[in-house]
Every structure is written in structure tokens, then in C-alpha cells.
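Taken together, the values in this text are just the output of simple stated rules run on the coordinates, not laboratory data. Here the structure is a predicted model, which is why all the values come from computation and not from measurement. Positions of Cβ are generated from backbone atoms using ideal geometry, with glycine treated the same way; all protein chains shown enter the neighbour counts.
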Amino acid sequence: MQILPELGISPRYVTEQVQNSYLPPEAIVSEARQGECTSIAYTYSEPVIFYEYMIDIARLARRKGLKSVVVTNAFINPNPSSSSVGKSTPSR
């Protein structure tokens, strides 16, 4: 049986209280650049749920030389997707 690494962060196994905080897009891009990252990935929770926030981060990241990776199970109409994000390469 294979154990998934994500199992430990599943809400079913979290016993402590989780606190969320808002990070402005500038802070996320700044952290990525300080960490010498080449891209920012939007995954784990469904990124289409926070689409506008993701787009704000992705646009700023692009201006700063970072790429974006979106892992989604959702469908986005091609016109809004391409005008918001730019070139995309869907995986099949």
C-alpha cells in the first residue's frame, strides 16, 4: 500500500486549530523571488475558486520574471483563460 505525502495535511488528520491569513500578491511574489524560485504553483486546493487572486499573483509574477503553474480539475472557457493568464499548455 502506498501512503501519499499529502495524507498528513488532510483535514481529517489535522488536530490543531488552523489559522488563515491574507498575503497580498506582492508578498507572495517577493517570497518566491527571495527563495530563488522560478515559478509559483497554484495547487492543492482548487485554484479556480480563488481565480481572481491567482490571476493578480500570476500577472505580477510574470512582470518579475516568474512563471506560473496551475493544477486544476476545473474547466475554464478558453477566451477568459487566455486573456487572463496568457499562453497555457493543458496536460492530457
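Take PHE75, PHE50 and order them by how many other Cβ atoms sit within 10 Å, fewest up front.
Details: PHE75 8, PHE50 13.
Ordered from fewest to most neighbouring Cβ atoms within 10 Å, PHE75, PHE50 come out as PHE75, PHE50.
For a footprinting-style exposure proxy, rank SER39, SER21, SER68, SER30 by other Cβ within 10 Å, fewest first.
Result, fewest neighbours first: SER21, SER39, SER30, SER68.
Work from the charge dipole of segment 22-79 (Cβ charges, +1 for Lys and Arg, -1 for Asp and Glu, about the Cα centre) and give the residue of PHE75, TYR53, VAL29 farthest towards its positive end.
Most positive-ward Cα: VAL29.
In what order do ILE40, ILE57 fall by count of nearby beta-carbon atoms within 10 Å, going from fewest to most?
Going from least to most buried by this count: ILE40, ILE57.
At most 11 other Cβ atoms within 10 Å and a DSSP loop assignment: could you name the GluC sites (Glu not before Pro) in segment 24-61 that fit?
Those satisfying the criteria are GLU36.
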